[in-house]
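Taking it in order: structure first as structure tokens, then the write-up.
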Amino acid sequence: MNGADRTAKGGLRLDDVKPCAVCGEGILHGGVPVFFRAVGLEYHVANAQAIQQHAGLEQMLGEAAPLARILSPIDTISAVASRQVDLLVCLDCPTRTTVAELAEEVANRET
Ligand SMILES: [Zn+2]
């Protein structure tokens, strides 16, 4: 399952249904309301050189961020470090965990 496939027709495909990434129960185990969350996680590595270069341009232009953005040759400040992971999370679980904990759990599961 990837984000583009999942939303291609506006809904989750039957083949992509899996248990809640946090509690392991069915994503609709709570019954009503019949909502669940689809969460995408993607790790990026910051490009320190590009960030410093852009910050230097901003400083040179007197902290004129909008002008620096137009003039900057830098388009991206990071690179994707790992592929996107799509998770399904039941409605109750986001109140029991943080995104950081969820990311850690997924990383541990994949190694
Ligand atoms: Zn859950």
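The values are calculated or read from the model by the stated rules, or taken from the named source; none is laboratory data. All values derive from a computational prediction rather than experimental measurement. Every residue, glycine among them, receives a Cβ derived from its backbone with ideal geometry; neighbour counts consider all protein chains shown.
Remark: pairs (first residue in segment 19-31, in contact (Cβ under 8 Å) with a residue 12 or more places away in the chain; second residue more than 7 Å from the ligand (Cβ to nearest atom) and hydroxyl-bearing (Ser, Thr, Tyr); Cβ separation under 6 Å; 6+ apart in sequence or on different chains) = Val22/Thr97. Of all residues in segment 1-53, which are at pLDDT 85 or above, among the hydrophobic types (A, V, I, L, M, F, W, C) and either assigned by TED's automatic domain parsing to the domain that holds Glu63 or more than 16 Å from the ligand (Cβ to nearest atom) (or both)? Of everything in segment 1-53, those that are at pLDDT 85 or above, among the hydrophobic types (A, V, I, L, M, F, W, C) and either assigned by TED's automatic domain parsing to the domain that holds Glu63 or more than 16 Å from the ligand (Cβ to nearest atom) (or both) turn out to be Leu14, Val45, Ala46, Ala48, Ala50, Ile51.
Per-residue answers, yes or no, for (1) out of contact with any helix residue (DSSP H, G or I) (no Cβ under 7 Å at 6 or more places or on another chain); (2) farther than 30 Å from Gly11 by Cα:
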position: Gly40; (1), (2): no, no
position: Glu58; (1), (2): no, yes
position: Ala68; (1), (2): no, yes
position: Gln84; (1), (2): no, no
position: Pro94; (1), (2): yes, no
position: Val99; (1), (2): yes, no
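Being away from the ligand (no atom under 16 Å from the Cβ) and either of a type outside the set (Gly, Ala, Ser) or not in a helix (DSSP H, G or I) (or both) is true of Glu58.
Considering every residue within segment 65-77, establish whether at least one is within 15 Å of the chain's Cα centre (by Cα) and not in a helix (DSSP H, G or I). Talk me through it step by step, then tell me what you get.
Keep residues of segment 65-77 that are within 15 Å of the chain's Cα centre (by Cα), which gives none.
No, the conditions are met nowhere in segment 65-77.
All conditions but one from (1) surrounded by 13 or more Cβ atoms within 10 Å (Cβ to Cβ); (2) away from the ligand (no atom under 16 Å from the Cβ); (3) within 24 Å of His29 (Cα to Cα) apply to Ala100; the one that does not is (1). Among the residues of segment 77-96, is there at least one that is of a type in the set (Ser, Thr, Tyr), without any contact (Cβ under 8 Å) to a residue 24 or more places away in the chain, exposed (fewer than 14 other Cβ atoms within 10 Å of the Cβ) and within 13 Å of the ligand (Cβ to nearest atom)? Checked segment 77-96: at least one residue is of a type in the set (Ser, Thr, Tyr), without any contact (Cβ under 8 Å) to a residue 24 or more places away in the chain, exposed (fewer than 14 other Cβ atoms within 10 Å of the Cβ) and within 13 Å of the ligand (Cβ to nearest atom).
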